[in-house]
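S.K.: Structure provided below as structure tokens; questions to follow.
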Amino acid sequence: MLNSLLEDKTHVIESGSQVDAKARQLWPTEELNQISIPARLQEPESDWLEKIKEVAGEARNLIDQVKKRRKESDLTFNSVQDKWTFGNDFKQVRDKIEKHLEEKEKFIDIFKKLGKLRSKIRSLQGIAIDDEKKHFSFGQEVGSGAALIDSLMHKVDKLIADADDPHLAHDMEGDIPSLHLVLIRAFLNDLKRFGFETEMEKAWLKEAEEIIVEAQQAIDTFKQETRNQKWWIPSSTNRARCELRKEMKRINTGFSGFLETKERYGFNFIRSFIRRYQSTSVFTRVSHQQASNFQTSDGIDINRIMSDVKKLKEEVRQQTKESEKLKLVFEKFEKVIKQFEEAKTKEGLNSSTTERLKQMRSLADKAECSVNSYIKNSANERGFHIFQTKAQKNLYKEIEHIKGALDILETSIKAYSIELTEEMSSVVGLEEDIREVVLDLISGSEHVVSIVGMKGIGKTTLAKEIYERGDIVEHFSFRAWVSVREMANHDALSIDIAKQVLGTHGSQEEINGRDSWMNKVCDFLKERTYLVVLDNFTEENAWETLKKAFPATERSRILVTTHDRSVAKLLGRREPHQIKLQTKEDSWRLFNQRVHFLSELPQEVVNVAKEIVRKCGGLPFEILRFGYLMSGTDVNDPMLLKVLENIDLNKKPWHEMLEIAPKDRHDENLGEFLYLFPLFPRDYEIPVRRLVTLWVAKGIEARNGSTPEDNAEGYIKELIDRNMIQVVARKLNGKVKKCCLPSALQQIWMPNSGETDFQQDHSSTSHQFPFCRRQAFDHSAQNSSSHKDHHIDTSMPSVPRSYIDPYSFLSFDTQEGSKPGEVIGNSLRTEWKRFQSLRVLDLEHVFRPQLPNNIGNLHELRYLGLRWTYLESIPSSIGKLTNLQTLDMKHTYIREIPGSIWRLKKLRHLYLNQNYRSKIVDQGSANSVRNFQMVMYQPRSNSLKNLQTLWGVFIDEDSFLKDHLDELTNVKKLGLAFQLTSSLHKKKLASCLVNLENLKSLRLRSIGETGKPQNLYLESLEDFKQLSNLYLLGRLEIPSIISKFPKSLSYLTLSASELKDDPMPKLEKLPELKSLHFYAGSYAEREMVCSKGGFPKLLVLKLWKLGSLKKLQVEQGALQYLRELEIRSCNNLESIPGLNCLKSLQELKLTNMPENFTTSIQNKWWESWGEIAHPPRITKDNW
């Protein structure tokens, strides 16, 4: 055991040195040499291990001397002198060991420290941080230990089978040996799925194997002797039985010593279970109430056992005189049950937990039987007895037997335990990429599937994860991983790839010539369903030769990773799969995966770490590189904060990405779109809608018959695909909400820009921006007054006079008080001539800017952003802004909009505050409108023709729009709330809606006077070819209308629909549906069924406040790509049959759900997902 401990220490130290070397390779800085990397054993721990090494050496020497002495004398070790000499020596060594183990218990938890280091190092070794296929080995490979476990289980099974022999059962002293065996077998069954991690674990179970072998030998000897016995010599049989009982007693003692050894050395079986990131889990840490509700498949539960024991205890107290003598055994019962509950809260052991319950149930039944038998027999033994009666003797014998079994259970609960600690998945942020690529490989039609992305973005990690998936292994009969190396010429490259593909499958004889090798590979692969991964392939000129080696047989695939988009496009007809930079959230999750001790860090260090992770720009290489630095650092090192503050970003991957960017074809306007980003402060998280409106305001003609908005969204997608901009956050429907320029690109393109005074002259950086034609922004670099785009620091008393004739004006001052609004108001009012060319005035988040009455003089203005300004009014001169395209008044307090707004015939996007009843009325009825309504005077005819977005408007019986909504022929995004009581008016509104054939997003809310949902009348929407987003609030007057939803629908939300028939059979046929939300009152029946093949693309399903729902049935083959299932406040939901069919599920959210429901889900966790590579996280939240 001691030698195994020392081996484990050596493995950890060697692996830590590898991590140390890698960290210094990644961070070759002077500061790094001043901090401790990685975390190592402390001095007291190292000293203790050195003493242990000495003692272990002495013990080994003694053993060697004994072996030598026996060999020399060829005798057993019988001399008195030898016995005394070596016996005394062994005693001294044993005393030293005991002394050191006592020191460990008092001062040092060496096993916990080694386990922590092992977990940290393993997490660092788990993922290569670059695109090369490099992985450290964890010291000497311990392996799964499957052979030892299988051997042990086989021997235990044989022993149990022998114990079931009725002739042996009595001679093995009942169930006590069998109890040891069934408990260790259950533990081995649990351990088998994890394997061994340390030599200490193997050494301990080797001791068990020796005991089991001795037990088997004893039984075999007994069988042999009784088989040869003479019937006329009964003494021989009795002697054999006595020997067997003697051996079984020794075996029991051996098992007890085996369990005590683990307690003495104090090590635990701790396994890291790799899972997706989560905040709250009911997986490994469950409440005692949940643990006490655990039951086996045959209905045995701990609550019932406890109840029966208490009942029996009370019965004994009332009816027998032996209550004091029996008290100890009942206390032992209660103690063991309590330990069972505590162990269940931290273990993931199905077999052991089930076996413990069965044994406790059996012992409780035996105790009840013994007590009842005693009560019955005592009644027949009335009178005074000097000695124990027969009934008492039988009772005490049975009770001692039960108490002994409980002692074994108590010790085994401590010893046979595997504590699971959660780790995050190695594929943070890549889950959707995995799903899409696997779908292409298994179900797609393309022979070559490409993964493309800049260096360090995780292409190899993604490919490796896919390569090792169970469904991929099952689908492809042959797989080969090829690491493409740089070669002097194409012939050498082709031959090297061929050799890697063939591996050990090809003949060993060397063949000459590239073509011969290609033919050999082709002949080998053409009869197989193969998957070949070409990792880091960049030689486009070599592909014509290489592809001859890979026959395009049905179902066979080639998976290529490359950082060159032009190479990826050459390989296949389909667009390559582009890996994107990590989002802000995923970046922090990935860093957390590398660094496990963030809770121990001072908050100021955590804040600096978050800032560094943000500056990594979502590039996994940089995030993991930083993780290596932090992972082994002493959190109390005084140099740590200084090192972090002086970290410099690695710009090399970004420079390499920019070098190959011009090779790929692109829209010539892509560079001009990229110039929008310097309008925002450095590291600003830019809402996509602001970029889109800025682009539209530029007035650049749209291409290919699309709109400027479509072009802008296309440019954003392309820049994301090219890893030039980072997605910061996404909307609930998966679309990009915010983005930014990665910090490294900001430093490359704008090295001298400040944090506050961010005036950007495009010509000064145009040579650094990719894709750009210099003449596109030919403004004089020598004259700062020529700047055309500015953001303003409103802490200044006025807008700088150097800002002459700007195109766009954006403010980012969010301070409270009137000053920001006054500065802007004064400048626009007194110096408006300086802004006559202004196209964009974006004042988002500026508190109540004072818009002057002469704002109408800004004739070129195309975008006016007032979102989150809490503005209360706008000037009537706004009607003179005849070029205005976007007016954003979301989250303002504006109650009245002047009628002049309808002169704005170029208006494309109008956003109103949906919290106000923003209502279009005749001018004469304006005075009758309630104060909380926003008044919009009736428009003139044809003034709405260009409107594409109308959001937040309210319609009632008097509204102009209820009869003229169909005039909005170009509207794509429509958000309406309406209060209509007349059936005629409802039908008129519905008929107007069906004529808006360009709709992409529709939100309808039918509400009453107090805002409560009302009846909602709809006509068929199936002719809407572009509608992808639909939100409906209100009771559907025609429930069958859900079968008339368009096939193009991707996002659907139903609220207060009061559906009586199961909607799933209809909705599951929508081929493009990705997100489905049922909110309060949307379904009023007891059961939902998702059938086989249903919802082929659904990713998110949410069920909120469905009070009648009792059962959600998931059939095999349904919801095959569901990633997120949220169930909230469905208080009567009892079960989800088929939950285990959701193999792609990443997160199951249980919010405000009854405790018994969450407990049942937790109890079935292993049954549902225990065997899959990336099981879902289960999060529980109660408000």
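S.K.: Kindly evaluate N970 against the criterion of being open to solvent by less than 60 Å² (accessible area, probe 1.4 Å) and either under 22 Å from V953 (Cα atoms) or modelled with pLDDT of 95 or more (or both). Give the steps one after another, and end with the answer.
M.R.: Working: open to solvent by less than 60 Å² (accessible area, probe 1.4 Å): no; either under 22 Å from V953 (Cα atoms) or modelled with pLDDT of 95 or more (or both): yes.
No, not satisfied.
S.K.: If you don't mind, another one. So for the range 580-598 (the condition being modelled with pLDDT of 75 or more, open to solvent by less than 50 Å² (accessible area, probe 1.4 Å), touching a Lys or Arg at 6+ places or on another chain (Cβ under 8 Å) and not acidic (D, E)), does at least one residue qualify? Steps first, answer last, please.
M.R.: We begin by selecting, within the range 580-598, every residue modelled with pLDDT of 75 or more; these are 580-592.
Checking which are open to solvent by less than 50 Å² (accessible area, probe 1.4 Å) leaves us with 581-583, 586-587, 589-592.
Pick out the ones that are also touching a Lys or Arg at 6+ places or on another chain (Cβ under 8 Å) and you get 583, 587.
This time we only want the ones that are not acidic (D, E), so: 583, 587.
Yes: the range 580-598 contains one or more residues that are modelled with pLDDT of 75 or more, open to solvent by less than 50 Å² (accessible area, probe 1.4 Å), touching a Lys or Arg at 6+ places or on another chain (Cβ under 8 Å) and not acidic (D, E).
S.K.: Being of a type in the set (G, A, S), touching a Ser or Thr at 6+ places or on another chain (Cβ under 9 Å) and closer than 18 Å to K698 by Cα is the filter here; which residues of the range 828-887 pass it? Explain how you work it out, then say what you get.
M.R.: Quick first cut of the range 828-887, residues of a type in the set (G, A, S) only: 837, 856, 865, 873, 876-877, 879.
Next, from what is left, pick out any that are touching a Ser or Thr at 6+ places or on another chain (Cβ under 9 Å): 856, 865, 876-877, 879.
Once the filter is applied, which keeps residues that are of a type in the set (G, A, S), touching a Ser or Thr at 6+ places or on another chain (Cβ under 9 Å) and closer than 18 Å to K698 by Cα, the range 828-887 yields only G865.
S.K.: Now for a different question. Just to be sure before I move on: is K1044 out of contact with any Gly (no Cβ under 9 Å at 6 or more places or on another chain) and farther than 14 Å from L996 by Cβ in the structure I sent? Give the steps one after another, and end with the answer.
M.R.: Working: out of contact with any Gly (no Cβ under 9 Å at 6 or more places or on another chain): yes; farther than 14 Å from L996 by Cβ: yes.
Yes, satisfied.
S.K.: Are any of the residues in the range 387-405 loosely packed, with under 13 Cβ neighbours inside 10 Å, at pLDDT 70 or above, of a type in the set (D, E, K, R) and closer than 26 Å to F255 by Cβ?
M.R.: Yes - at least one qualifying residue is present in the range 387-405.
Conditions (1) under 29 Å from the mean Cα position of the chain (by Cα); (2) surrounded by 19 or more Cβ atoms within 10 Å (Cβ to Cβ), marked per residue:
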| site | (1), (2) |
| --- | --- |
| S1006 | no, yes |
| E1009 | no, no |
| N1015 | no, no |
| S1020 | no, no |
| D1023 | no, no |
| K1044 | no, no |
| K1066 | no, no |
| M1088 | yes, yes |
| L1098 | yes, yes |
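S.K.: Then there's this: If you scan the range 527-555, which residues turn out to be among the polar types (S, T, N, Q) and either farther than 20 Å from S483 by Cβ or at pLDDT below 85 (or both)? Before the answer, list the steps.
M.R.: Applying the first criterion (among the polar types (S, T, N, Q)) to the range 527-555 yields 529, 536, 538, 541, 545, 553.
Listed by number, the residues that qualify are T529, N541, T545, T553.
S.K.: Given the residues G348, G299, G266, which is the only one that is of a type outside the set (D, E, K, R), at pLDDT below 75 and at positive phi?
M.R.: G299
S.K.: Go through (1) out of contact with any helix residue (DSSP H, G or I) (no Cβ under 7 Å at 6 or more places or on another chain); (2) open to solvent by less than 50 Å² (accessible area, probe 1.4 Å); (3) more than 26 Å from L881 (Cα to Cα) and name the single condition K962 misses.
M.R.: It fails just one condition, (1).
S.K.: Report, ordered by the first and then the second residue, all pairs with beta carbons closer than 8 Å, sequence separation of six or more or different chains, a first member in the range 480-500 that is modelled with pLDDT under 85, and a second member that is polar (S, T, N, Q).
M.R.: As it stands, the answer is H490/N541; H490/T545; S494/T545, since those pairs meet every condition given.
S.K.: Is the range 742-754 home to any residue that is open to solvent by less than 20 Å² (accessible area, probe 1.4 Å) and either among the charged types (D, E, K, R) or at pLDDT below 85 (or both)?
M.R.: Taking the range 742-754 and keeping what is open to solvent by less than 20 Å² (accessible area, probe 1.4 Å), we get 742-746, 749-750.
This time we only want the ones that are either among the charged types (D, E, K, R) or at pLDDT below 85 (or both), so: 749-750.
Yes, that holds for at least one residue.
S.K.: Can you give me the ranges of the helices (runs of 4 or more DSSP H) entirely in the range 1055-1169 with at least 3 residues that are over 26 Å from I434 (Cα atoms)?
M.R.: Values: elements: 1064-1067, 1155-1163, 1165-1169.
It comes to 1064-1067, 1155-1163.
S.K.: Can I ask one more? Scan the range 863-889 and report the pairs whose first residue is under 18 Å from G899 (Cβ atoms) and whose second residue is surrounded by fewer than 22 Cβ atoms within 10 Å (Cβ to Cβ) and acidic (D, E), with Cβ atoms within less than 8 Å and a gap of 6+ or a chain change.
M.R.: S873/E896
S.K.: Just for the range 726-735: of the residues that are open to solvent by 30 Å² or more (accessible area, probe 1.4 Å) and not in a loop (DSSP other than H, G, I, E, B), which one is nearest to C616 (Cα to Cα)?
M.R.: Going through the qualifying residues, I end up with A729.
S.K.: A further question follows. Looking only at the range 1141-1183, which residues are of a type in the set (K, R) and either surrounded by fewer than 21 Cβ atoms within 10 Å (Cβ to Cβ) or modelled with pLDDT of 85 or more (or both)?
M.R.: Taking the range 1141-1183 and keeping what is of a type in the set (K, R), we get 1143, 1149, 1164, 1177, 1180.
Matches in the range 1141-1183: K1143, K1149, K1164, K1180.
S.K.: Mind checking which helices (runs of 4 or more DSSP H) fall wholly inside the range 508-627 and carry at least 1 residues that are more than 30 Å from K731 (Cα to Cα)? Spell out how you get there, then give the answer.
M.R.: On the way: elements: 514-525, 543-546, 565-571, 584-594, 603-615.
The helices (runs of 4 or more DSSP H) meeting that bar are 514-525, 543-546, 565-571, 603-615.
S.K.: Are there any helices (runs of 4 or more DSSP H) wholly within the range 387-484 with 1 or more residues that are closer than 30 Å to K526 by Cβ, and if so which?
M.R.: Answer list for the range 387-484: 431-443, 459-467, 470-475.
The values are calculated or read from the model by the stated rules, or taken from the named source; none is laboratory data. Because the structure is a prediction, the values reported are computed rather than measured. We place every Cβ from the backbone using ideal geometry, glycine too, and count neighbours over all the protein chains shown. Ligands, DNA and RNA are excluded from the accessible area calculation, which covers all protein heavy atoms including side chains. Shrake-Rupley method; radii C 1.70, N 1.55, O 1.52, S 1.80 Å.
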